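Novice: Below you will find the structure I want to go over with you.
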Amino acid sequence: MKTIGFAMCGSFCTFDAVFDALERIADEYEVVPIMSANAYGTDTRFGSASDYRARLEAICGRAAISTIAAAEPIGPKKLLDLLVIAPATGNTLAKLAHGVSDTSVTLAYKAHLRNRRPVLIAPSTNDALSMNAPNIGALLNRAGHYFVPFGQDDAEGKPTSLQSDFSRIPQAIAAALDGRQLQPLLISYSSIEGAG
Ligand SMILES: Cc1cc2nc3c(=O)[nH]c(=O)nc-3n(C[C@H](O)[C@H](O)[C@H](O)COP(=O)(O)O)c2cc1C
């Protein structure tokens, strides 16, 4: 059975959709849960941090990695066949693009890449087509990097926002493990369930 790291960043409004997708793959792969400190510890209007942690840990059957010390062994122990970052915030995308590794998620990424293994990224950020466009472009062009298909989730209301279609995570994982980008990469927002 392949082992997948599943790293969640602080795009709290997407957590329910991400958990739905995660539940669909939990029997198929060994899933190592990872949360950024913000995802791990921030209560928001979308829900309490402890509820989200508990849900993630129940699906995966193990405690979440939430510190840089806990993330570091991913490299030397070659723990993961694939690292999924879903949802990926603008903050984390910027760090990934620029080699910053000061969170559990960005250090998991750095550690995993040392083994030259694939990464699957699911962006969800309001600045994807503005401040973060160059960062997403850099990651699209990086070897072994794949994306969960994304689109403009509210083109009129949030013209620079992109959100991944999290329901496609299972297919995107299968493709990434096979060395392929799930296509089409760009989707119409009307095809994202519940978007807008
Ligand atoms: C309620 C709430 C919702 C947020 N939603 C998003 C989001 O969808 N996308 C995003 O990039 N940032 C979002 N943020 C901001 C991030 O949580 C913030 O940039 C944080 O520093 C991200 O840290 P991380 O990338 O380490 O998880 C949200 C923040 C809050 C409080």
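Novice: Given labels modelled 7 Å from the Cα in the Cβ direction, how far is it in nm from Ala143 to Ala174?
Specialist: With each label point 7 Å from Cα toward Cβ, the separation is 2.8 nm.
Novice: While we're looking at this one, here's another question. How long is the gain from Ala97 to Glu30 if the chain were fully straight, where each residue apart is worth 0.36 nm and the alpha carbon distance is subtracted?
Specialist: Here the answer is 21.4 nm.
Novice: Can you tell which of Ser50, Ser36, Ser11 shows the greatest fluctuation in a Gaussian network model of the chain with Cα springs below 10 Å?
Specialist: In the Gaussian network model the winner is Ser50.
Novice: For the residues Ser66, Ser101, what sequence is obtained by ranking on other C-beta atoms within 10 Å, fewest first?
Specialist: Ser101, Ser66
Novice: Let me ask something additional. Would you count, across the chain, every pair of lysines whose alpha carbons are under 28 angstrom apart, provided the pair is eight or more residues apart or spans two chains?
Specialist: The result is 10.
Novice: Please report the spacing between the Cα centers of segment 115-182 and segment 1-54 in Å, no decimals.
Specialist: 17 Å
Novice: Take segment 3-191, drop everything but the C-alpha atoms, weight them equally and run the Debye formula without solvent; then report log10 I(q)/I(0) at 0.11, 0.14, 0.18 Å⁻¹ to two decimals.
Specialist: Those come out to -0.41, -0.70, -1.23, one per q.
Novice: Can you tell which of Ala39, Ile121, Ile25 lies farthest toward the positive end of the dipole of the chain, using +1 and -1 charges on the Cβ of basic and acidic side chains (Lys, Arg; Asp, Glu)?
Specialist: The Cα lying farthest towards the positive end belongs to Ile121.
Novice: Taking only the alpha-carbon positions of segment 100-171 and ignoring solvent, what does the Debye formula give for the base-10 log of I(q)/I(0) at q = 0.12, 0.15, 0.23, 0.25 Å⁻¹?
Specialist: After summing over all Cα pairs, the log10 values are -0.36, -0.56, -1.13, -1.22.
Novice: Output the Cα-based Rg and Dmax of segment 15-97 in Å, rounding Rg to one decimal and Dmax to a whole number.
Specialist: For segment 15-97, the Cα radius of gyration and maximum Cα-Cα distance read 12.9, 38 Å.
Novice: Sort His145, His98 so that the residue with the fewest other Cβ atoms within 10 Å of its own Cβ comes first and the one with the most comes last.
Specialist: Ordered by Cβ neighbours within 10 Å, fewest first: His98, His145.
Novice: Which of Asn38, Asn115, Asn141 ends up with the largest GNM mean-square fluctuation for the chain, with Cα atoms connected below 10 Å?
Specialist: Asn141
Novice: Antiparallel as a % of all DSSP beta bridges within segment 1-131, to the nearest 5? Walk me through the numbers on the way to the answer.
Specialist: Numbers: 1 of 16 bridges.
Roughly 5 percent of the beta bridges in segment 1-131 run antiparallel, per DSSP.
Throughout, read-outs are computed from the coordinates displayed, never taken from laboratory work. Because the structure is a prediction, the values reported are computed rather than measured. Positions of Cβ are generated from backbone atoms using ideal geometry, with glycine treated the same way; all protein chains shown enter the neighbour counts.
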